[in-house]
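The values are calculated or read from the model by the stated rules, or taken from the named source; none is laboratory data. None of the values given here were measured: they were computed from a predicted structure. Neighbour counts are summed over all protein chains in view; Cβ atoms, including those assigned to glycine, are modelled from backbone coordinates with ideal geometry. With ligands, DNA and RNA removed, areas are computed over all heavy atoms of the protein, side chains included. Shrake-Rupley method; radii C 1.70, N 1.55, O 1.52, S 1.80 Å.
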Amino acid sequence: MAFYIRSFRENDEFGNPTYSFWSENGEPVDSNQPLDIADFAQSFSTKSEAQSFIDSYKTNWVGFQKSIGQIFSVVEV
C-alpha cells in the first residue's frame, strides 16, 4: 500500500464531483476514468509525508489548485 494525493471538485452545473490523483509535477488524472494509479501518481510512504506535501502548498503546485477550488486529501491505495 502507498499514500497518494487526491483532490475533489464539484465541477459541473449538477454538482457532479471530479476526483483526481496527481503526479509529482502537478499533472492531474481524473480518477473517474480507468487508471492505474501506480503508473501515474506520486506515491508517499506515509500518510504524514503526503499530508506535509499538501500543507507546504506555498512552495509547490497545490497552492494554485486550492485557489481554484480543489480540496485535497490523502488516500491509501
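Filtering segment 53-70 down to residues that are among the charged types (D, E, K, R) and out of contact with any strand residue (DSSP E or B) (no Cβ under 8 Å at 6 or more places or on another chain), which residue is most open to solvent (accessible area, probe 1.4 Å)? Once the filter is applied, the top-ranked residue is Lys58.
Out of (1) touching an Asp or Glu at 6+ places or on another chain (Cβ under 7 Å); (2) in a strand (DSSP E or B); (3) among the hydrophobic types (A, V, I, L, M, F, W, C), what's the single condition that is false for Met1? Of the numbered conditions (1) touching an Asp or Glu at 6+ places or on another chain (Cβ under 7 Å); (2) in a strand (DSSP E or B); (3) among the hydrophobic types (A, V, I, L, M, F, W, C), the odd one out for Met1 is (2).
Filtering Ala50, Ala38 for residues that are aliphatic (A, V, I, L, M), at pLDDT 95 or above and either open to solvent by 60 Å² or more (accessible area, probe 1.4 Å) or out of contact with any Leu (no Cβ under 8 Å at 6 or more places or on another chain) (or both) leaves a single hit, Ala50. Just one of the numbered conditions (1) at pLDDT 95 or above; (2) open to solvent by 80 Å² or more (accessible area, probe 1.4 Å) is not true of Ser73: (2).
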